[in-house]
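For reference, the structure is listed below as structure tokens.
The values are calculated or read from the model by the stated rules, or taken from the named source; none is laboratory data. Since the model is a prediction, treat every value here as computed from it, not as a measurement. All Cβ positions, glycine included, derive from the backbone under ideal geometry; neighbour counts span all protein chains shown. Ligands, DNA and RNA are excluded from the accessible area calculation, which covers all protein heavy atoms including side chains. Shrake-Rupley method; radii C 1.70, N 1.55, O 1.52, S 1.80 Å.
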Amino acid sequence: RRVVVYTTDQSFHMAGDGKLGGLVAPNDGLCHLNRSGFYDWSKVQDYPSLGHIAHVARDNNVNIIWAVTGAHLNLYYSLTELVSGSVAGEISSDSSNVVELIQEEYKKITTRIEVEDNSTDVVNIKYSSNCNKSTSKRRRRCKNIPLGTPVEFTVDITLKKCEHQRVVISPVGMEDNLVIDIEPLCDCER
């Protein structure tokens, strides 16, 4: 797994905030660290959007741990809904619990699994899974899975239109994926 740990005692900036300071160039998503490891484009381009962060994390199979002080914890909890594979936890004001927090949040990441797909409105996908030895319909996420416990997902895919589809199903934050090419069994001439 790839994990980014983001620690702060502040809220976050997002696309558009930089315009207040005259930064009108959109964020290009590239790394602009100088040789000392310092980000030196803070006066050149705007902040990334939340969608951009979610997209980059998903495309690079990255899990994010938001380690933040209590005053901003609810804000970062809401980010976990927008950025798949991310978790948030409270760090003390002196950061003395940072190691324990990272261990605790990493355990949350490694004892859950969620699958996502690239389906469009042409495809209807229904998931079921056997989380913790109990079968559940319409579940694409399992939590509190003991390490080493296999989890099975069953996927029911239905085409809504008579056309070829390629569906990619993958676990959030991991590099594995399943590619399914669906050829319609219907007469497309009608």
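Just to be sure before I move on: is residue 169 within 11 Å of residue 116 (Cα to Cα) and assigned to a strand (DSSP E or B) in the structure I sent? Considered against the rule, which asks whether it is within 11 Å of residue 116 (Cα to Cα) and assigned to a strand (DSSP E or B), residue 169 comes out as yes.
Restrict the check to region 108-127 and report whether at least one residue is over 30 Å from residue 183 (Cβ atoms), without any contact (Cβ under 8 Å) to a residue 40 or more places away in the chain and among the hydrophobic types (A, V, I, L, M, F, W, C). Walk me through how you get there before you give the answer.
Going residue by residue through region 108-127, those that are over 30 Å from residue 183 (Cβ atoms) are 108-112.
Restricting the remaining residues to those that are without any contact (Cβ under 8 Å) to a residue 40 or more places away in the chain gives 108, 111-112.
Okay, now just the ones that are also among the hydrophobic types (A, V, I, L, M, F, W, C), so none.
No, the conditions are met nowhere in region 108-127.
Does residue 56 satisfy being open to solvent by 50 Å² or more (accessible area, probe 1.4 Å), under 14 Å from the mean Cα position of the chain (by Cα), at pLDDT below 95 and among the β-branched types (Val, Ile, Thr)?
Working: open to solvent by 50 Å² or more (accessible area, probe 1.4 Å): yes; under 14 Å from the mean Cα position of the chain (by Cα): yes; at pLDDT below 95: yes; among the β-branched types (Val, Ile, Thr): yes.
For residue 56, the condition - open to solvent by 50 Å² or more (accessible area, probe 1.4 Å), under 14 Å from the mean Cα position of the chain (by Cα), at pLDDT below 95 and among the β-branched types (Val, Ile, Thr) - is met.
For region 1-25, a residue qualifies if it is surrounded by 12 or more Cβ atoms within 10 Å (Cβ to Cβ), among the small types (Gly, Ala, Ser) and assigned to a helix (DSSP H, G or I), and exactly one does: 18. Can you say whether residue 46 is on the phi < 0 side of the Ramachandran plot, of a type in the set (D, E, K, R), open to solvent by less than 70 Å² (accessible area, probe 1.4 Å) and in contact with a helix residue (DSSP H, G or I) (Cβ under 7 Å, 6 or more places away or on another chain), as far as the supplied structure shows? Here the answer is yes, as residue 46 does meet what is asked.
Report the residue count in region 70-114 for those that are open to solvent by 20 Å² or more (accessible area, probe 1.4 Å), more than 21 Å from residue 145 (Cβ to Cβ) and of a type in the set (Val, Ile, Thr). Count: 2.
Go through region 59-69 residue by residue and tally those that are closer than 21 Å to residue 116 by Cβ and surrounded by 15 or more Cβ atoms within 10 Å (Cβ to Cβ). So that I can check it myself, show each step before the final result.
Within region 59-69, the subset closer than 21 Å to residue 116 by Cβ is 59-66.
From what's left, surrounded by 15 or more Cβ atoms within 10 Å (Cβ to Cβ): 61-66.
Looking only at that region, the number is 6.
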